[in-house]
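Below is one structure, written out as structure tokens; the observations come after it.
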Amino acid sequence: MGENIKKKDLTIDIEISDNDIYEAMKDIPGYLDITPADLKDVYKLAYRHALQRITQAVRAHDIMTTQVFSVNRTTPVMEVAELMAEKTVSGIPVLEEDGKVAGIISEKDFLSHMGSRDKTHFMAVVAECLQGKGCVAMPIRSQKAEDIMTSPAVAVKEDTSVIEIANLFTEKNINRVPVINEEGRLKGIVSRADIVLASLMKTKSKQ
Amino acid sequence: MLSNYFNKMRGTTKSPPAVNLSEIFWSWIGAFLGISTVALISYKVLEGKGLTMIIGSFGASAVLIYGAVKSPLAQPRNLLGGHVFSAIIGVTSYQLFQSHIWFAAAIAVATAIAFMHATKTLHPPGGATALIAVIGGESVHKLGYLYAIIPTAVGASIMLAVALLINNIPKSRRYPEFWL
């Protein structure tokens, strides 16, 4: 769970040279009443403040996609695959009957349950199909969502900060995470793309 | 420890870039018009009336408000606040300590700087305005606190008006950065 992930210090060091600052000062017409070194210090500190503000202030509920498609434990994997293709999503939460998150199915789960020898690479699956060994997806044809889902799903709370989510993605090597409320019910989903979009829009709206 | 102390004297960075020709041109125009306005009033209108509209510190103000228009030190709040507060402090220092001019001069400038800091009106020429109130001679001394109004407040306001009119003509300039 998200709250167990230790908050990491931001180790993003800005590689900005004195000359970058000097050139930037030349880009601004008029006399700037500040030395390049002072300006660099101001820039670095401001950057750090901005990072802290954005990563701590922006929380899961600010950037999550609320229109989430989900399936039930008993949904046949074929329907899961069809739904994921139709909605162009690469992962989908599996819900209990009471709406709690039971698990999550991603493309990786399909791969690892299919009959392919190499269970991690999509291209290995393609290769096996092309080698005339038939569709390697057949073995899971009659299975249900609960048979292939990753459970329990790694989930976060609505107030989990974006930086924690980003760390979670890296640590667990996942691309999306369901957002649940206190009762464990699904409220939304945050993908890597949501984080990128959120930071882009933040930058844009300020200009 | 000691080597660190002396190392600090070596400096850490290079000087800021030079400005371009257009900047030099507009700095010249602004300063010429600003100073000529207060000088004209001073020498054509107030001459012989025991009043003046120009003091030495306006030359320093011109550097800032026409030559470094983005500087926080050059903003209207600083220009007007710095000059007027310093003038009052200078006149007060002279009147209190005129028997020890050296002391009156030092206390005027030091207090002016402290006061400008505290009121966020730091304007380097203000220090000169305070000093002139002490060492400016008979013509300044007899003005008393009027010195804070004419030439200081009115003169600085005229220079400000010229800065507003001239600094906003070129595309690359904008003035002020802030009022309060």
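The values are calculated or read from the model by the stated rules, or taken from the named source; none is laboratory data. This is a predicted model, so every value here is computed, not measured. All Cβ positions, glycine included, derive from the backbone under ideal geometry; neighbour counts span all protein chains shown.
Points worth noting:
- Lone unmet requirement of (1) surrounded by 14 or more Cβ atoms within 10 Å (Cβ to Cβ); (2) within 14 Å of chain B (Cβ to nearest Cβ); (3) not hydrophobic (A, V, I, L, M, F, W, C) for A:THR75: (2)
- Any hit, the range B:94-107, residues being under 23 Å from B:MET53 (Cβ atoms) and among the hydrophobic types (A, V, I, L, M, F, W, C): no
Here's the yes/no breakdown for (1) modelled with pLDDT under 85; (2) over 15 Å from A:LEU186 (Cβ atoms); (3) within 14 Å of another protein chain (Cβ to nearest Cβ); (4) assigned to a helix (DSSP H, G or I):
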{"site": "A:LYS26", "(1), (2), (3), (4)": "no, yes, yes, yes"}
{"site": "A:ASP33", "(1), (2), (3), (4)": "no, yes, yes, no"}
{"site": "A:ASP41", "(1), (2), (3), (4)": "no, yes, yes, yes"}
{"site": "A:LEU45", "(1), (2), (3), (4)": "no, yes, no, yes"}
{"site": "A:THR88", "(1), (2), (3), (4)": "no, yes, no, no"}
{"site": "A:ILE92", "(1), (2), (3), (4)": "no, no, no, no"}
{"site": "A:ALA102", "(1), (2), (3), (4)": "no, no, no, no"}
{"site": "A:LYS119", "(1), (2), (3), (4)": "yes, yes, no, no"}
{"site": "A:LEU130", "(1), (2), (3), (4)": "yes, yes, no, yes"}
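- Here the helices (runs of 4 or more DSSP H) wholly within the range B:1-75 that include at least 2 residues being more than 9 Å from chain A (Cβ to nearest Cβ) and buried (at least 16 other Cβ atoms within 10 Å of the Cβ) are B:21-40, B:57-67.
- Close pairs from the range A:65-90: first in contact (Cβ under 8 Å) with a residue 12 or more places away in the chain, partner surrounded by fewer than 13 Cβ atoms within 10 Å (Cβ to Cβ) and among the charged types (D, E, K, R), Cβ under 7 Å, at least 6 apart: A:PHE69/A:LYS87; A:MET78/A:ARG141
- The listed residues are A:VAL179, A:VAL125, and the only one of them that is buried (at least 21 other Cβ atoms within 10 Å of the Cβ) and in a strand (DSSP E or B) turns out to be A:VAL179.
- B:ILE101 vs. criteria more than 26 Å from B:LEU33 (Cβ to Cβ), in contact with a helix residue (DSSP H, G or I) (Cβ under 6 Å, 6 or more places away or on another chain) and away from every other protein chain (no Cβ under 14 Å): no
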